[in-house]
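What follows is a set of notes on a single structure, which appears directly below.
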Amino acid sequence: MRKSWIAIVLALVMIFALVACGTTESTDSAASDASDKKVLYAGSSAGMFGATNLDPAVDWNGWFLSFAGVTETLFKLDDAYNAVPVLVEDVEEPEDGVTWVFTLRDDVNFSNGEKMTAQSVVDCFERTLKENERGETTLQVKSMKADGQELTIVTPEPDPSFLYNLCDPLMSVYYVGKDEDYAKESHCTGPFVVTKFTQETEMVLKANEDYWGGDVKLDEAHLLTFADDDAMVLAMQNGELDICDGTANSVKVCNEDAGFHVLSSPTSRAEKIIFNFAGSDFAKDDAIREAIAWSIDREGYEKISGGTKLANWGIYPKTMTYGDNSKLDIHIKKQDLDAAAKVLDDAGYKDTDNDGIREMNGKKISLKLATSGSANEDFVDVLASDLKSIGIEMTSQNYQNLDSFETYQGVEWDMSIEGKYMTPTGNASYFFDQDVITDGSTNYGGYSNPELDKLADELRKTFDEDDRNELVFEMEQMLLDDNSFIVFCNGTNTYITSDRVSGYAPNPSNYYYLTADVDLDA
């Protein structure tokens, strides 16, 4: 009911905006603040500003507040998904594998003026790990100790991914005190401070005047949530927004030709086909999987998406250290339906009754594709047509939700489309441990490769980055060789800005949005 009222209110706001537009010579609320203050208006139709309240430890609020530039973590991800220090001056990696010693910056204050010390970080982490059920899986800690600006954290087991886990916005650093009402106000270290918050409607920010990272270019920012793409796009066209989500629909309207700037960065979110190795004879067949891999029109899908999704013939995006496809032997680099048909011919799969569909062991090769949501409808239609041209029938069924073993129960499927961030914090083990290894927590298709399992176990114990990357490349090659997980594109963080915006650059990790460098030209 609340969401319905929000939608109604937003619609009324847009109607009044349109009326104003018809009765004045020029409407540009984003560009015409009455004072000399630099006030940025940003819009989202994808729930990017959807915190439940202002407590970084609750739900996914840490992510939303990091996105808004309110909170910071000890380390953050750079454009190559490397963990780089933010609130940390120095780190001593553990000689014993478990004891990490951090020297914190000495010039960081919380937005209430209190100094950030090692003890304040210990207090913060202890509260977050207690309050949020994701805490235990995000950061495994045996003990923490504070001495001035020196923070010592001991992990239960050797953990090469520990610095990456500290990049997770759940581990945002905020002030913990006796009389704090965190849901209404949290004191953090980022370049912005929240002055007004209406859930799922608006978040108003002001510059943190005591920001340790230097001058914040903006004086104020309004983060507005729109009920749908159309309302957001209309606001952008009317000059009521300086920046908005670069959805496939908005990019078609608010592009460079229309006088806007489209900024984009590849992410680790993969759109991929997974196979039901546990329950489908077709999925287990090497030739059928390879034929499908040859048949996917990845470049065509990139065009359909307006460039908001990028074709990929490997596993990870090229921006990542272990996403360099030149280090891999990729034998499928383009759509080739003739090559797909030859693979099936060589396997002896023929259409014996001339109905256009080949048979395998006397059974028609008719694949059932399970999907969820509407994002891939065009892709599914094109793939079904292309597979039919090589003698494979594919039908699809859309389900409300496919994100657990329970939701796959009772579903008849040979293959499925899954969209997922393969390394949200830069930790290469994440995708393999969850989706690929035998009995992985989200290995819904039951894929199993003992050799790859051994490499994944070795990766979990390897600290040296170069050695880790080599292991990842070796595991990627295994997946490409047997076409067990077909990544056909990577999502992007795409945003549209007006001419007034400068200093803005999308980050691949999707953890960061507003920074101290974002500016508005006069």
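The values are calculated or read from the model by the stated rules, or taken from the named source; none is laboratory data. Here the structure is a predicted model, which means the values were calculated and not measured. Ideal geometry is used to build each Cβ from the backbone, glycine not excepted, and the neighbour counts take in all protein chains shown. SASA here: full protein model, heavy atoms, side chains in, ligands and nucleic acids out. Shrake-Rupley method; radii C 1.70, N 1.55, O 1.52, S 1.80 Å.
If you go through the range 289-304 and pick out every residue that is open to solvent by less than 30 Å² (accessible area, probe 1.4 Å) and farther than 22 Å from Ile437 by Cα, you end up with 7.
Only one of the numbered conditions (1) touching a Cys at 6+ places or on another chain (Cβ under 7 Å); (2) free of Cβ contacts under 8 Å to residues at least 60 places away in the same chain; (3) hydrophobic (A, V, I, L, M, F, W, C) is not met by Phe260, and that is (2).
Pick from the range 373-389 the residues that are under 19 Å from the mean Cα position of the chain (by Cα) and either on the phi > 0 side of the Ramachandran plot or open to solvent by 50 Å² or more (accessible area, probe 1.4 Å) (or both): which of them is modelled with the highest pLDDT? Here the answer is Gly373.
Checked against (1) within 22 Å of Arg105 (Cβ to Cβ); (2) touching a residue at least 60 places away in the same chain (Cβ under 8 Å); (3) of a type outside the set (A, V, I, L, M), Asp78 passes all but a single condition, namely (2).
I'd like to know if the range 220-227 contains one or more residues that are open to solvent by 10 Å² or more (accessible area, probe 1.4 Å), β-branched (Val, Ile, Thr) and assigned to a loop (DSSP other than H, G, I, E, B).
No.
In the set Glu180, Glu200, only one residue is open to solvent by 40 Å² or more (accessible area, probe 1.4 Å) and farther than 27 Å from Gly246 by Cβ; that residue is Glu180. For the range 432-444, enumerate the residues that are buried (at least 20 other Cβ atoms within 10 Å of the Cβ) and either in a loop (DSSP other than H, G, I, E, B) or free of Cβ contacts under 8 Å to residues at least 60 places away in the same chain (or both). Matches in the range 432-444: Phe432, Val436, Ile437, Asn443, Tyr444. Do we find that Asn443 is in contact with a helix residue (DSSP H, G or I) (Cβ under 6 Å, 6 or more places away or on another chain) and either of a type in the set (Asp, Glu) or on the phi < 0 side of the Ramachandran plot (or both) in this structure? Yes.
Flag: Glu451 matches the condition of being modelled with pLDDT of 95 or more and assigned to a helix (DSSP H, G or I).
Given Asp55, Asp79, which one is out of contact with any helix residue (DSSP H, G or I) (no Cβ under 7 Å at 6 or more places or on another chain) and either surrounded by 14 or more Cβ atoms within 10 Å (Cβ to Cβ) or at pLDDT 95 or above (or both)?
Asp79
Just checking, does the range 184-193 include any residue being out of contact with any Phe, Trp or Tyr (no Cβ under 8 Å at 6 or more places or on another chain) and closer than 25 Å to Val501 by Cα? So far as the range 184-193 goes, yes, one or more of its residues are out of contact with any Phe, Trp or Tyr (no Cβ under 8 Å at 6 or more places or on another chain) and closer than 25 Å to Val501 by Cα.
As a summary of the residue check, Val193 satisfies the conditions (1) at pLDDT 95 or above; (2) under 21 Å from Gln119 (Cα atoms) except for the one numbered (2). Is there any pair with a first residue in the range 489-503 that is free of Cβ contacts under 8 Å to residues at least 60 places away in the same chain and a second that is open to solvent by 20 Å² or more (accessible area, probe 1.4 Å) and part of a strand (DSSP E or B) whose Cβ atoms are under 9 Å apart and which are 6 or more apart or on different chains, and what are they? Close Cβ pairs satisfying both conditions: Ser502/Asp519.
Where in the range 98-169 are there strands (runs of 3 or more DSSP E), lying fully within it, with 1 or more residues that are open to solvent by 40 Å² or more (accessible area, probe 1.4 Å) and farther than 28 Å from Asn469 by Cα?
Once the strands (runs of 3 or more DSSP E) in the range 98-169 are filtered for at least 1 residues that are open to solvent by 40 Å² or more (accessible area, probe 1.4 Å) and farther than 28 Å from Asn469 by Cα, what remains is 143-147, 150-154.
Condition check ((1) over 15 Å from Leu520 (Cβ atoms); (2) crowded, with 18+ Cβ neighbours inside 10 Å; (3) aromatic (Phe, Trp, Tyr)) across all residues:
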residue: Val216; (1), (2), (3): no, yes, no
residue: Asp230; (1), (2), (3): yes, no, no
residue: Ala235; (1), (2), (3): yes, yes, no
residue: Glu240; (1), (2), (3): no, yes, no
residue: Ile243; (1), (2), (3): no, yes, no
residue: Val251; (1), (2), (3): yes, yes, no
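When Ser35, Ser66, Ser44 are checked against the criterion of being among the hydroxyl-bearing types (Ser, Thr, Tyr), modelled with pLDDT under 95 and either open to solvent by 40 Å² or more (accessible area, probe 1.4 Å) or within 25 Å of the chain's Cα centre (by Cα) (or both), Ser35 stands alone in meeting it.
Residue-wise test of (1) within 18 Å of Ser44 (Cβ to Cβ); (2) in contact with a Phe, Trp or Tyr (Cβ under 9 Å, 6 or more places away or on another chain); (3) assigned to a helix (DSSP H, G or I).
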position	(1), (2), (3)
Cys244	yes, yes, no
Thr267	yes, yes, no
Glu271	no, yes, no
Phe282	no, yes, yes
Tyr301	no, yes, yes
Trp313	no, yes, no
Gly323	no, yes, no
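Taking Gly307, is it part of a loop (DSSP other than H, G, I, E, B), touching a residue at least 24 places away in the same chain (Cβ under 8 Å) and either open to solvent by 50 Å² or more (accessible area, probe 1.4 Å) or not acidic (Asp, Glu) (or both)? Criteria met by Gly307. Among the residues of the range 249-307, the ones that are among the hydroxyl-bearing types (Ser, Thr, Tyr) and in contact with a Pro (Cβ under 8 Å, 6 or more places away or on another chain) come to 4 in all.
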